[in-house]
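Visitor: Sharing a structure below in structure tokens format, with a few things to ask.
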Amino acid sequence: MRLPVIVSMGGVNAAGRTSGFQSFRRMVIDLLPEAEQQQTLVALAVMMNLVKPEGEAGFLPTEDERSEGALTASQVAQRYREQVLNGTLVRRVEATVFDVDALHWQSPASLRSASGEATESLKFVLATDQLPTELPEGWTVEPFHDGQVQVTVTGNLEVKLDNFRDFPVKAAGQLPSGFEIADLYNSRFQPRGLQMALFGATDALRALGIEWNTVLEHIEPDEVGVYSSSGFGQMGKEAYGGMHQARMKGERVTTKALVMGVNSMPTDFINAYVLANVGIASSSVAACATFLSNLRHAVSDLKAGKVRVAMVGNSEAPIGPELMDGFGTMGALATDANMMKLYGTDEVDHRRASRPFGDNCGFTIGESCQYFILMDDALAVELGAPCLGSVTDVFVDADGTKKSISAPGPGNHISMAKAVAAASAVVGKAGVQDKSFVLAHGSSTPQNRVSESQIFDQVAEAFDIKEWPVVAVKAYLGHTIAPASADQLATALGSFKYGILPGIPTIDAIADDVHQERLKMGPDHQTTTPDNLEVAILNSKGFGGNNASAVVLSPSRTEAMLSKRYGEAAMTAYTKKRESSLKASENYLRAADLGEYAPIYRFGEDMIDEANIDISETCISIKGFANSISLPTDNPYQDMTD
């Protein structure tokens with residue numbers, strides 16, 4: 001069976017850029033060597049538009065009058081350290097997103113005559129063309145002058161007034177302060193979620209270190225698959241948000257609002273504007289398990305040979321009043337009032353709003369785009385592609401009969417047990433017992449901390465796992481909905497590289513009702529060596545019973561399996577060929593740290609004309625592609641047909 005190898009990753013979340021492990025390094029920055037801390041801080045300062053590179057001279061502050069010239073990297077890291085740290089991860093919603101202290105809305109009001117007499121009518125003048133098509137009950141209209149009418153209202157006049165209100169939820173996992181993707185390319189008024197999708201896909205593609213045309217030269221054009229979506233669609237004013245609000249605000253619906261909002265649009269944008277893909281386009285939506293659902297389809301197609309390269313990921317931009325209002329009304333989000341009640345204080349530390357497995361009162365929403373490039377093992381070896389790890393299995397199981405659609409059920413017990421059993425079958429029981437760790441869903445709700453920890457504890461007991469390390473990245477990033485488990489995967493790959501399992505620094509201790517007889521988690525980071533981490537189990541407990549668990553193997557374990565399959569000579573050749581890929585990748589990562597990461601946006605470029613498509617009984621040839629597409633000619637049901 002073909003092994004799906006992770007060869008690249010890209011994107012951005014509240015901790016920074018995904019490629020080069022920047023976002024992971026931000027989460028564990030206090031444990032990094034000084035040189036890597038400096039590299040991380042400087043790159044984030046550039047991303048946040050605090051400084052701009054000035055060639056060999058160093059970095060120029062963008063709005064800092066204290067500087068009389070360029071700063072060295074060391075000076076940038078020292079001067080802007082606190083600003084960078086405070087402008088990343090979960091924090092108070094910034095005014096550039098929306099004003100949580102004065103959110104615009106329309107409040108209902110009932111107007112009546114100032115005399116106070118019930119029989120007294122209310123009169124006002126209105127432009128004739130502003131009259132409702134059907135007059136409300138109690139309205140009498142008579143001509144006034146200059147295209148106006150006088151309206152007499154018997155009884156009260158019900159109106160909506162422009163108003164402002166205090167928004168109860170004030171924390172979110174926002175992209176780094178000052179980072180605006182729309183400024184990097186001709187974004188054409190695209191919604192934020194699609195801007196992020198282009199950025200993430202581009203970041204992953206360039207971090208691969210192999211030119212995309214080179215990849216296509218080794219495969220057929222349709223052996224590429226893009227597996228992506230957003231969970232809620234694009235809710236910004238350029239898409240669904242604007243479409244839903246327009247008529248209520250007295251505006252017109254734009255021609256692009258509906259199209260831009262569709263939740264498969266991240267896939268479509270990547271196919272059309274980044275990869276020029278003519279292969280599989282797949283978009284699954286499964287609430288919080290959306291990424292793992294997309295990953296399952298990609299892994300299945302890679303194993304079966306339906307594709308040889310897959311780009312898998314999601315983009316979600318849910319920080320806005322509409323979605324947050326919806327979750328808040330459900331009681332799902334941590335409000336300032338509930339946090340103050342929980343802490344017993346009159347002040348709120350928004351940095352600690354997301355508190356997986358600790359005393360908590362709801363989750364914190366976040367935004368993220370994460371994309372991973374996977375290849376089958378043969379192609380990865382042939383091309384000399386980087387090896388970040390591999391994905392052997394993804395299991396998805398529903399909850400069965402339920403009383404409440406949001407309540408937990410048995411599905412996650414099943415998916416987790418399957419994942420651990422599958423991992424044990426590949427790496428051995430001892431490998432799972434001694435060298436595995438869990439990336440928890442860890443949503444930061446009271447119900448999740450109990451139900452998910454119980455599952456982990458029960459599965460650990462079944463497989464005789466003691467002190468099973470558990471990581472909960474939502475403490476840093478918030479709940480990013482569709483890409484939530486993609487954030488987990490990026491973190492797992494970072495742990496494989498650095499030997500660090502991020503702690504849960506937003507809590508003081510694990511809550512008393514959390515099951516942890518066989519689990520190991522808490523506020524502090526867990527450190528080991530990369531050799532002691534070989535298996536990561538990703539877990540997602542999605543709304544509505546969308547449960548999913550995945551098995552991810554480390555680069556060292558993956559390369560050991562490749563060596564077993566291909567032999568020493570082939571692996572020596574692979575390692576040598578990979579040197580050029582890694583060098584090209586490093587060149588991109590250095591440039592990206594200096595802000596050179598504008599999204600690929602091939603709008604209208606190299607379009608395929610029907611005249612450039614040749615079709616025969618056995619293949620399709622398309623001008624611009626090195627290889628033709630083979631048509632299916634074998635009968636897979638030969639035993640059932642004449």
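The values are calculated or read from the model by the stated rules, or taken from the named source; none is laboratory data. Just so it is clear, the structure is predicted and the values come from calculations on it, not from any experiment. Cβ atoms come from the backbone with ideal geometry, glycine included; neighbour counts cover every protein chain shown. Just so you know, the surface numbers come from the protein's heavy atoms only, side chains and all, with ligands and any DNA or RNA stripped out. Shrake-Rupley method; radii C 1.70, N 1.55, O 1.52, S 1.80 Å.
Visitor: With a 1.4 Å probe and all protein chains in place, put Phe167, Phe625 in order of accessible area, largest first.
Guide: Working: Phe167 0, Phe625 45 Å².
Largest accessible area first, the residues go Phe625, Phe167.
Visitor: Follow-up. Near the amide H of Gly366, under 5 Å away, which other amide H atoms are found, from residues 5 or more places off or on another chain, if H is placed in the peptide plane?
Guide: Amide H to amide H, under 5 Å and 5 or more residues apart or across chains, Gly366 pairs with Gly173, His479, Thr480, Ile481.
Visitor: Given +1 on the Cβ of Lys and Arg, -1 on the Cβ of Asp and Glu, and no further charges, what dipole in debye does region 486-642 carry about its Cα centre, rounded to the nearest 20?
Guide: Charge dipole of region 486-642: 660 debye, to the nearest 20.
Visitor: In whole Hz, with x marking every Gly and Pro, tabulate ³J(HN,Hα) for region 475-481 from phi via Karplus 6.51 cos²θ - 1.76 cosθ + 1.60, θ = phi - 60°.
Guide: For region 475-481, the Karplus curve yields 4, 9, 10, x, 8, 8, 6 Hz.
Visitor: Let me check something: with ligands and nucleic acids excluded, how do Thr491, Thr329 order by accessible area (1.4 Å probe), largest to smallest? List each step's numbers first, then the result.
Guide: Values: Thr491 5, Thr329 115 Å².
From most exposed to least exposed: Thr329, Thr491.
Visitor: Just to verify a number: what accessible area does Asp325 come out at with the full protein assembly present, 1.4 Å probe, Å² rounded to tens?
Guide: Asp325 exposes around 50 Å² with every protein chain in place.
Visitor: May I pose another question? For region 123-129, just list the computed ³J(HN,Hα) in residue order, Karplus coefficients 6.51, -1.76 and 1.60, θ = phi - 60°, integers in Hz, with x standing in for Gly and Pro.
Guide: Here the 3J(HN,Hα) series is 10, 7, 9, 9, 4, 4, 6 Hz.
Visitor: Let me ask something else. If you keep only loop residues by DSSP, which GluC sites (Glu not before Pro) in region 546-642 have at most 13 other Cβ atoms within 10 Å of their Cβ?
Guide: Qualifying residues, ordered by number: Glu596, Glu605, Glu617.
Visitor: Okay, next question. Can you list which of the trypsin sites (Lys or Arg not before Pro) found in region 374-446 are DSSP loop residues with at most 15 other C-beta atoms within 10 Å?
Guide: Lys402, Lys403
Visitor: While we're looking at this one, here's another question. Hey, of [x] 43, 29, 23; [y] 56, 33, 22; [z] 45, 31, 27, which did the structure itself give for semi-axes √(5λ) of the Cα gyration tensor in Å when calculated?
Guide: [z]
Visitor: To test your reading of the geometry: what angle, between 0 and 90 degrees and rounded to tens, separates the Cα axis of helix 555-593 from the longest principal axis of the chain?
Guide: Relative to the chain, helix 555-593 is tipped by roughly 40 degrees.
Visitor: What's the tally of Lys pairs in region 496-642 whose alpha-carbon atoms lie under 28 angstrom apart, where the two lysines are 8 or more places apart or on different chains?
Guide: Lysine pairs meeting the criterion: 10.
Visitor: Residue farthest toward the positive end of the dipole of region 288-385, with Cβ of Lys/Arg at +1 and Asp/Glu at -1: which of Thr364, Thr335, Thr345?
Guide: The listed residue farthest towards the positive side: Thr364.
Visitor: Separate question: Of the peptides 82-88, 506-512, how do they stack up when ordered by the mean number of other Cβ atoms within 10 Å, highest first?
Guide: 82-88, 506-512
Visitor: Continuing with this model, one more query. Considering only protein heavy atoms, what per residue accessible area in square angstrom results for the chain with a 1.4 angstrom probe? Please list the in-between numbers first.
Guide: Details: 28700 Å² over 642 residues.
Normalised by residue count, the accessible surface of the chain is 45 Å².
Visitor: Let me ask something else. Relative to the present Cα-Cα distance, how much length would full extension add between Ser264 and Glu158 at 0.36 nm per residue of separation?
Guide: Here the segment from Ser264 to Glu158 would lengthen by 34.1 nm.
Visitor: Using a 7 Å offset from the Cα along the Cα-to-Cβ direction at both Glu34 and Thr641, what is the distance between the two label points in nm, to one decimal?
Guide: Each label point is offset 7 Å from its Cα along the Cβ direction, giving 7.1 nm.
Visitor: Which value, in debye to the nearest 20, gives the size of the charge dipole of region 79-145 about its Cα centre, when Lys and Arg are +1 and Asp and Glu are -1 at the Cβ? Intermediate values should be presented prior to the final figure.
Guide: Working: 6 positive and 10 negative charges, 135 e Å.
Roughly 660 debye for region 79-145.
Visitor: Right, here's the next one. Counting DSSP beta bridges in the chain, what percent are antiparallel, to the nearest 5?
Guide: 75
Visitor: Binning at 5 angstrom from zero up to the longest distance, how are the C-alpha pair distances of region 74-229 distributed in percent?
Guide: 1, 6, 9, 9, 10, 9, 8, 7, 8, 8, 7, 6, 5, 4, 3, 1, 0
Visitor: What accessible area, in Å² to the nearest ten, does a 1.4 Å probe give for Trp105?
Guide: 100
Visitor: Continuing with this model, one more query. 7 Å from Cα along Cα→Cβ at both Thr401 and Arg602: what's the point-to-point distance in nm?
Guide: 5.3
Visitor: With every protein chain in place, what's the accessible area of Ile414 (1.4 Å probe, Å², nearest 10)?
Guide: 70
Visitor: Show the residues, 5+ positions off or on another chain, whose built amide H is closer than 5 Å to the amide H of Cys619.
Guide: Excluding prolines and chain starts, which carry no amide H, the hits are Leu631.
Visitor: Positive end of the charge dipole of the chain (Lys, Arg +1 and Asp, Glu -1 on Cβ, about the Cα centre): tell me which of Ile500, Ala407, Phe269 has its Cα farthest that way.
Guide: Ile500
Visitor: So for the chain, taking the charge dipole from beta-carbon charges (+1 Lys/Arg, -1 Asp/Glu), which of Gly242, Ser229, Ala472 sits furthest toward the positive end?
Guide: Ala472
Visitor: Given +1 on the Cβ of Lys and Arg, -1 on the Cβ of Asp and Glu, and no further charges, what dipole in debye does region 1-141 carry about its Cα centre, rounded to the nearest 20?
Guide: The dipole of region 1-141 has a size of about 680 debye.
Visitor: Rounded to the nearest 500, what is the chain's calculated 222 nm mean residue ellipticity when only DSSP H runs of at least 4 contribute -39500 (n - 2.57) each, over all residues?
Guide: -10000 deg cm²/dmol
Visitor: While we're here: Rounded to the nearest percent, how much of the accessible area of the chain (1.4 Å probe, protein heavy atoms only) is carbon and sulfur?
Guide: Reported share for carbon and sulfur atoms: 50 percent.
Visitor: While we're here: How would Lys576, Lys170, Lys256 line up by accessible area, probe 1.4 Å, largest first?
Guide: Lys576, Lys256, Lys170
Visitor: Further question: Hey, can you grab everything whose amide H is under 5 Å from the amide H of Thr62? Only 5+ residues off in sequence or another chain; H modelled, so Pro and N-termini drop out.
Guide: Long-range HN contacts for Thr62: Val51, Lys52.
Visitor: Tell me, what HN-Hα J-couplings in whole Hz come from the Karplus equation 6.51 cos²θ - 1.76 cosθ + 1.60 at θ = phi - 60° for each residue of region 531-543, using x for Gly and Pro?
Guide: Rounded to whole hertz, the list is 5, 8, 10, 10, 9, 10, 9, 8, 10, 9, 10, x, 3.
Visitor: OK, next. Over region 505-642, with a single point scatterer placed on each C-alpha, what log10 of the ratio I(q)/I(0) does the Debye formula yield at q = 0.13 1/Å?
Guide: -1.21
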